[in-house]
Amino acid sequence: MIENRPWLTFVSHFSLLLGIGVVALPVWVALVASTHPSSAFGAGEIPLWFGDQALENWRSVFLGEASSGVDVPVWYMMLNSFIMALGITVGKLFISLLSAYAIVFFRFPFRGACFWVIFITLMLPVEVRIVPTYEVVANLDMLNSYSGLILPLIASATATFLFRQCFMTMPGELIEAARIDGAGPIRFFFDILLPMSRTNIAALFVIMFIYGWNQYLWPVIITTDDAYYTLVMSIKRMLAVDQGDIEWNHVMVTTLLAMIPPVAVVIGMQKLFVKGLVDAEK
Amino acid sequence: MSDVVLNNIGKTYPNGYHAIPSIDLTIEEGEFIVLVGPSGCGKSTLLRMVAGLETISQGDLMIKGAKVNDKEPADRDIAMVFQNYALYPHMTVYANMAYGLKNRGESKEVIAEKVTSVANMLGLEELLERKPKQLSGGQRQRVAMGRAMVRDPKVFLFDEPLSNLDAKLRVQMRVEIRQLQRKLGTTTLYVTHDQVEAMTLADRLVVLNKGKAEQIGSPMALYNKPATPFVAAFIGSPSMNLLPANLDEQGICLSDRLSLPLVHDHRGSIIWGIRPEHLEVVDEANADFALRIQAVESLGAETLIHGTVDLGVKQEPMVVRLAGPHWPEINSLLWLKAPLDHWHVFDAVTQQRL
């Protein structure tokens, strides 16, 4: 659609700018609030320009000097979040690559049934199975541990399904050429299949990392030890102060910190991400 | 010693479909065998059985005297060139060619030496660091051949390797493949549906029809003495004129008003054939029959004249091929003679040559 009408250009630009404004304003407010003393935000007037407390706020939050309601400093919770998000992402990719590989390339009895059983688990996200999953994790003595945070979230029907579709588009001749070249199942997987699904893996990595990073409910339920608190959880903690004012400046610093890693992952892998979503490079 | 022996080879699919009933073929060392036939005749299936990509339902496949029915493709000492080249898109040309050797556990030096020498032979030195998508069709084809050659296999298998190239490149690659094969002296099995490719490349041709080998022989033997009407029609372009007829005391009786004298013991319905290039234009007195011209195709060096022969009850189509340019009028009559020594006569029932 190539049209050249000035008012149309104006309207489309205007609505785009409006959209950007709507999305960006809260981020801006958070950024500004993180540079003011805590009283500024609570006073009823939202400041729209930077204050002079930036360095102090960020420093005190980062080193855990500010009372955050959690006993560990923010950098430690950030580490926890990282371990959980990366663990979930890598685990999901690993398991779904393997299961998709089995389903697409190997002939075994009840292959179709296996696929559908995996597919049906789409209907059972953590929120639905939270009580039995808690029971299992508790019985395995995995409360307050990284494995408890990570393992129950690893199984992924979505990723298995996406990899299955990706593998099914592999040209048959290529598989046969690899067979003639003497590549067994393991070699074929690592030498041919993985490099060729590179872009899909990257795209899923981005989606899964954000999913893992933003986990709230599950960590809240299974961690009681502050040493395993994640950043996203701690924000809620900071808002739930019994008495006194909420320290909005510290809350905003933490919020911004929690936003940085997902944004960094998206920006860093943007090229591969888009490639993985639009073309298969075959 | 014969190199590859197919002994009563057959293929039945699990759904009961009988793709190939039974084929016997003995291939001598260094021979270039072309499997040719229309699509769906089982030629690719046969090649893939030799490659080990399809299981063999019956019979024995021997390569260099060893039975290889149940061996993995990689252990059969064969190399295959695929129709779509099947190059690994994420690997460089060098890595593509080296991959098979690497999997065999050859040392880096040996691989480098072999790949370089094959690349030199095929003129790929400049392209070794490129990815397949940076190559033209002809270059990809060459890399696919190079990948097969570095392994120094006992048998080359080609599965319609030229069908994705443009006409000019196809002719060039055809000549190249033939020269390479002569130079290397490697036994080769080549599948194509293109009869020109088949005729020009083959030491021996195997014409397949519905999973059966209709005839096996040198291209000229198949051209001169086709065993069945199917082979007669398939080999040669334009294909042979085949007309149903009856053989009796007078000779070949094409219709009430047209018969050609022939002394033969056989009686009954037959198929009479003559190639377009063997028909001669003569004057009315010496002619065997007349052709009513319907279309003329002038190709410069030769002219193809399509028309019909009036057999009273029906009109039979016929093609004549004449050297040089001709401009006969549409709908006029062309008087033709069919020289006796170029006739092909087949039994209509058994489809065998008489």
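So here's what we get for this one:
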quantity: Links that overshoot a 24 Å alpha carbon limit, given the list B:LYS71/B:LYS183; B:LYS314/B:LYS337; B:LYS64/B:LYS225; A:LYS271/B:LYS108; B:LYS133/B:LYS183; calculated: B:LYS71/B:LYS183; B:LYS64/B:LYS225; A:LYS271/B:LYS108; B:LYS133/B:LYS183
quantity: Inter-centroid distance (Cα atoms) of the range A:132-147 relative to the range B:256-298, Å; calculated: 91
quantity: Relative packing of peptides A:101-114, B:245-258 - highest average C-beta neighbours within 10 Å first; calculated: B:245-258, A:101-114
quantity: Chain B: translational diffusion in µm²/s, Stokes-Einstein, Kirkwood Rh over Cα pairs, 25 °C, 0.890 mPa s; calculated: 107
quantity: Prolate/oblate/rounded label for chain A (Cα gyration tensor, a/c 1.5); calculated: oblate
quantity: Candidate aspartates and glutamates - alpha carbon under 14 Å from B:LYS131, same-chain residues fewer than 8 apart omitted; calculated: A:GLU281
quantity: Angle in degrees between helix B:167-184 and the longest Cα principal axis of chain B, rounded to the nearest 10; calculated: 60
quantity: Most mobile of A:GLU56, A:GLU127, A:GLU247 in a GNM of chain A (Cα contacts under 10 Å); calculated: A:GLU127
quantity: Sorted peptide list for B:292-301, B:316-325, criterion being average Cβ within 10 angstrom, highest first; calculated: B:316-325, B:292-301
quantity: Dipole magnitude of the protein assembly as shown about its Cα centre (Cβ charges: Lys, Arg +1; Asp, Glu -1), debye to nearest 20; calculated: 420
quantity: Mean Kyte hydropathy of -0.5 or more with a Cα span along the axis of at least 15 Å, helices from DSSP in chain A; calculated: A:6-33, A:74-105, A:157-168, A:198-213, A:248-268
quantity: Scaled radius of gyration (Cα, divided by 2.2 N^0.38 Å) that the protein assembly as shown gives; calculated: 1.47
quantity: Cα-Cα P(r), the range B:238-347, percent of pairs per 10 Å interval; calculated: 15, 48, 29, 8, 0
quantity: Estimated inter-spin distance, A:VAL27 and A:PHE110, nm [label 7 Å along Cα→Cβ]; calculated: 4.8
quantity: Interchain or long-range residues, amide H under 5 Å from B:VAL81's placed H; calculated: B:LEU157, B:PHE158, B:ASP159
quantity: Degrees between helix B:93-103 axis and first principal axis of chain B (Cα, 0 to 90, nearest 10); calculated: 70
quantity: The range B:224-249 and the range B:50-99: distance between their alpha carbon centers, rounded to Å; calculated: 37
quantity: Taking the range B:238-347 and dividing mean pair separation by its residue count, relative contact order in percent (alpha carbons under 8 Å, at least six apart); calculated: 29
quantity: Members of B:LYS43/B:LYS67; B:LYS67/B:LYS154; B:LYS67/B:LYS114; B:LYS67/B:LYS102; B:LYS43/B:LYS210 lying beyond 18 Å, as alpha-carbon distances in this model show; calculated: B:LYS43/B:LYS67; B:LYS67/B:LYS114; B:LYS67/B:LYS102
quantity: About the Cα centre, charge dipole magnitude for the range A:163-282 (Lys/Arg +1, Asp/Glu -1 at Cβ), debye; calculated: 360
quantity: Charge tally in the Cβ shell below 15 Å around A:SER147, where Lys, Arg are +1 and Asp, Glu are -1, A:SER147 excluded; calculated: -1
quantity: B:ARG257-B:ASP70 FRET efficiency (beta carbon distance; Förster radius 51 Å; 0.05 resolution); calculated: 0.25
quantity: 0 to 90° range, to nearest 10: angle between helix B:137-150 axis and chain B longest Cα axis; calculated: 60
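FYI, it's all coordinate maths here, none of it is from the lab. Please read all numbers here as calculations on a predicted model, not as lab measurements. As a convention, Cβ positions derive from the backbone with ideal geometry for all residues, glycine included, and neighbour counts pool all protein chains shown.
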